[in-house]
Amino acid sequence: MSNVPDPSAAEQPPAAPSSIDPDGALRLLDVDRAPPGTFGELEPASPPLTDAQGRIRLSFSRIDSYRNCPRKFRYAYVDRLPGVPGPHLSFGTSIHGALEAFYDRKLPSCPTVEELLGFLYDAWDASGFRDLPRSEQLDFYRHAQQVLRRYHQRVAGSYRLPASTEAWFELPIAHEAVVVGSIDRVDLDDDGRFHIIDYKTNRKVQARARVARSLQLAIYALACRNLFGALPASVSLDFVVPGVMITVPIGDIDLDGARQTILDTAAAVRAASFDPTPNRLCDWCDYRDICPAWPSDGSEGLGAAVTQVQDLRRQLTRDVRQLRELEAGVERLTAELADDDAR
Ligand code: SF4
């Protein structure tokens with residue numbers, strides 16, 4: 001998922017209803033004093049947090065959001081304050097849409113590269129690019145075309161139809177939670193074993209050990225058993241931008257740990273534990289302006305302290321790099337002098 005057109009994308013807060021001015025509404029909100037859910041009408045289309053059986057309704061992106069910052073989770077999924085789709089989310093959604101069409105076919109012949117680019121055209125999600133100049137929007141589109149051309153080159157020779165694309169699941173966990181989502185692709189090999197593939201549009205490939213710790217893949221493996229009656233033999237993250245797929249056998253995935261994380265998150269949400277956790281992603285958080293960790297005058301409090309720590313870290317990184325360059329220069333000069341002396 002990723003930055004995916006899946007439950008998480010569906011759960012991204014859509015535009016506010018036309019009768020509400022979101023900016024005006026946000027100005028009026030005294031978010032800290034109001035009980036959670038007070039402003040739920042701002043996003044009527046968002047699935048409720050509790051289902052008809054009283055289970056906490058989660059998805060990988062909801063759990064990830066909670067683990068990243070419980071307060072951000074509250075703003076997005078309890079208060080349902082609208083967020084702003086960014087260019088990278090829309091880029092990922094578009095690539096996912098094109099790849100879904102690429103595999104969602106009746107005939108097992110591989111679509112041509114032109115067809116794949118046509119799927120991209122059809123799937124292009126412009127919502128996150130609205131604030132960018134046209135030239136930058138075009139840069140994103142051309143980049144997506146390049147990524148898909150390379151993808152086609154990589155897979156055309158081994159193309160086969162998958163068992164399913166965008167398989168929707170609702171996975172119950174111990175009557176406490178239900179995790180919903182969709183799996184990008186499930187392949188079935190000649191021995192009847194399932195293989196899960198999730199597309200990522202990050203630039204950087206994750207190390208295998210990190211992929212093995214992926215909560216998202218563990219959830220998909222449990223969902224596969226729920227949907228198809230068997231755990232997958234392997235789970236993979238396909239980093240489509242650099243064109244590298246990392247595959248991990250199911251034995252290396254911590255399924256019990258994933259179940260526990262889901263239960264812990266559900267319990268914390270049920271207990272309304274939503275403290276802010278300032279982190280390196282605060283600068284990109286849609287709710288920073290209303291977050292108590294970032295006082296509006298910016299002159300005191302936790303937010304200012306975090307900014308200072310980040311500035312100091314950046315300065316330290318620059319200093320260390322400069323020190324290493326100087327040390328290397330001194331070593332080089334010392335060696336040259338020693339050579340001169342020897343001659
Ligand atoms: S600004 Fe930071 S601390 Fe505040 S809600 Fe967003 S991520 Fe959490």
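Quick note: the coordinates plus some simple rules give every number you see, no bench work behind them. Because the structure is predicted, anything quoted here is derived from the model rather than measured. Please note: Cβ atoms are built from the backbone with ideal geometry, for glycine as well, and neighbour counts cover all protein chains shown.
How far is it, in nm, from the label point at Gln146 to the one at Thr112 when both lie 7 Å from their Cα along the line to the Cβ?
Distance between the two pseudo-spin positions: 2.4 nm.
With a cut-off of at most 10 other beta carbons within 10 Å, and DSSP calling the residue loop, which GluC sites (Glu not before Pro) in the range 49-140 qualify? Please list them.
Answer in residue order: no site qualifies.
Where nothing but the Cβ of Lys and Arg (+1) and of Asp and Glu (-1) is charged, how large is the charge dipole of the range 164-260 around its Cα centre, in debye to the nearest 20?
Numbers: 10 positive and 13 negative charges, 95 e Å.
With only Lys, Arg, Asp and Glu charged at Cβ, the dipole is about 460 debye.
Counting Lys and Arg as +1 and Asp and Glu as -1, what is the net charge of the other residues whose Cβ lies under 11 Å from the Cβ of Ser164? List each step's numbers first, then the result.
On the way: positive: Arg185; negative: Glu100, Asp104, Glu166, Asp184, Asp187.
Overall, the nearby charge balance is -4.
Points 7 angstrom from Cα along the Cβ direction at Arg160 and Ala52: gap in nanometres?
Simple spin-label model gives 4.0 nm for this pair.
Roughly speaking, what is the centre-to-centre gap between the range 255-285 and the range 179-254 when only Cα atoms are used, to the nearest Å?
22
Any chance you could run the full-extension gain for Asp104 through Thr277? It's 0.36 nm times the residue separation minus the Cα-Cα distance, nm to one decimal.
Computed gain between Asp104 and Thr277 is 58.2 nm.
Separation between the His88 and Arg193 pseudo-spin-labels, each 7 Å from Cα along Cα→Cβ, expressed in nm?
Each label point is offset 7 Å from its Cα along the Cβ direction, giving 3.4 nm.
Amide H to amide H under 5 Å from Lys200: which residues, 5+ apart in sequence or cross-chain, H placed 1.01 Å off N in plane?
Answer set, sorted by chain and number: Asp238, Phe239, Val240.
Among Lys200, Lys106, rank each residue by its count of other Cβ atoms within 10 Å, from fewest to most, as a rough exposure measure. Walk me through the numbers before you get to the answer.
Working: Lys200 27, Lys106 5.
Arranged by neighbour count, lowest to highest, Lys200, Lys106 become Lys106, Lys200.
Among residues other than Ser94 whose Cβ falls under 12 Å from its Cβ, what is the net charge (Lys/Arg +1, Asp/Glu -1)?
For residues surrounding Ser94, the net value is -3.
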